[in-house]
1. Could you check, for the range 401-423, whether at least one of its residues is more than 22 Å from residue 463 (Cα to Cα) and assigned to a strand (DSSP E or B)?
2. Quickly run through the range 440-450 and pick out the residues that are touching a strand residue (DSSP E or B) at 6+ places or on another chain (Cβ under 9 Å) and outside any loop (DSSP other than H, G, I, E, B).
3. How many residues does the range 284-300 hold that are buried (at least 22 other Cβ atoms within 10 Å of the Cβ) and over 15 Å from residue 462 (Cα atoms)?
4. Condition check: at negative phi, part of a loop (DSSP other than H, G, I, E, B) and at pLDDT 95 or above. Does residue 250 satisfy that?
5. So, in the range 211-234, how many residues would count as being in a loop (DSSP other than H, G, I, E, B), modelled with pLDDT under 95 and surrounded by 14 or more Cβ atoms within 10 Å (Cβ to Cβ)?
6. Looking at the range 417-427, can you tell me whether even one residue there is more than 27 Å from residue 317 (Cα to Cα), surrounded by 14 or more Cβ atoms within 10 Å (Cβ to Cβ) and in the same structural domain as residue 385 (by TED's automatic domain parsing)?
7. Kindly indicate the residue of the range 10-43 that is in a helix (DSSP H, G or I) and within 14 Å of residue 65 (Cβ to Cβ) and also modelled with the lowest pLDDT among those meeting that condition.
8. For a quick check of your reading: which strands (runs of 3 or more DSSP E) sit entirely within the range 280-389 and have at least 2 residues that are at pLDDT 95 or above and either in the same structural domain as residue 148 (by TED's automatic domain parsing) or farther than 30 Å from residue 129 by Cβ (or both)?
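The values are calculated or read from the model by the stated rules, or taken from the named source; none is laboratory data. What you are looking at is a predicted structure, and each value in this text was computed from that prediction instead of being measured. Methodologically, a virtual Cβ is constructed for each residue, glycine included, from the backbone with ideal geometry; neighbour enumeration extends over all protein chains shown.
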């Protein structure tokens, strides 16, 4: 009995280690159970018992642990708390993007009841509102699924008939068919309050700001979002207020500083309707065909009569290449929207400001560019101790509230390089050293350019080719991690 109790006290990470080890070896629960039967039928766990072990609900016997040890060729001590190796405890995300997760271990500390008590307290001390937490949950969910929500796509296709060229009048007609009455109102943008572009009022009225008459691309988006709410959600208790302008991004405030179930649901409904709107205006199949024919040129938004932000966000969802990111930013590092399906770190915090953000990110540099043309940039960033090569396309726009914004769509080129049989780590590492030797930026050496040009042509993204004609810049997430020699942050503050 004492031996069992001792094993329990040493096995808090055991379930996570076994699950990640099993997945890394491409084994199902059935496969692992069968392997254990082959080693020793008497101590082998059933599939259901093995599932409970992985979830931290059961502790294996010493004999069963020896069985696991034989199957995976690991010493018994490896499975116990004395060796909580970081790679073994990080949740296996497969090809999914987003930041690295953490195992919910020891399991008893992450019980549902404990989390329900601890999360509001944690958010209160961190200064994060219920709305921000809701959006953080949704963003993690979105990145984990790499922006694929086929049920919302199907709903949008049924409503719009996969029409890539829906007009304002057609969208109005669809909204009215869904039982909504359209009412125009007048409100000018306020320097401290931004602009409310539209809102829903029970039981069936959608109010549209008259300023949208001068901005049909934004009008299309607002109409599409309200169609999404009408199709996906009931009207009872529905709240939908669309805004633009940096200081109004929290205009649709929730009732509580700490999250509750209704806050989370409301935020999720807003996300669903926004995603639906993108799928309605840019149906997957015809939009992907258009992008392929135009080399993913973001100027297709002009041809479609929709905003650049809708086109760039939708790119990340319809492209066959999964490793995308997207930033929608106001000056001074305020993020309106973020998507990181390629796991790229944030250049600054959108819930807290940082004193030393790297100014070499394309999204920062574009704020100081008066050109209305889009620009491509190749960047090298250290992630998890290894340099990765990114390329992005950025464009500066003026929104309906007359505020400048920078939209940035980009992708991690490292997996695409490796897919061509090239040693991606070696190539990007060599390119990083060339940049550092030239003060942090360099042209792409010819022998690398020919390899990367081949990758760009296979991806069929024309702005990656344009990026190869410019310089590659070394970037970092914070000045304290600047890889340039000497550090540009130290120079700027010495």
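1. yes
2. 441, 442, 443, 449, listed by residue number.
3. Number of matching residues: 1.
4. Values: at negative phi: yes; part of a loop (DSSP other than H, G, I, E, B): yes; at pLDDT 95 or above: no.
No: the conditions fail for residue 250.
5. Within the range 211-234, residues that are in a loop (DSSP other than H, G, I, E, B), modelled with pLDDT under 95 and surrounded by 14 or more Cβ atoms within 10 Å (Cβ to Cβ) number 1.
6. If we filter the range 417-427 for residues that are more than 27 Å from residue 317 (Cα to Cα), which is where we start, we get 423, 426-427.
Then drop every residue that is not surrounded by 14 or more Cβ atoms within 10 Å (Cβ to Cβ), which leaves 427.
Cutting the leftovers down to in the same structural domain as residue 385 (by TED's automatic domain parsing) gives us 427.
Yes.
7. From the range 10-43, those in a helix (DSSP H, G or I) are 14-24, 29-39; that's our starting set.
Retained after the next criterion (residues that are within 14 Å of residue 65 (Cβ to Cβ)): 14-15, 17-18, 21, 32, 36, 39.
On the way: 14: 82, 15: 85, 17: 85, 18: 88, 21: 85, 32: 93, 36: 93, 39: 90.
Across the range 10-43, the extreme among qualifying residues is 14.
8. Of the strands (runs of 3 or more DSSP E) lying wholly inside the range 280-389, those with at least 2 residues that are at pLDDT 95 or above and either in the same structural domain as residue 148 (by TED's automatic domain parsing) or farther than 30 Å from residue 129 by Cβ (or both) span 375-383.
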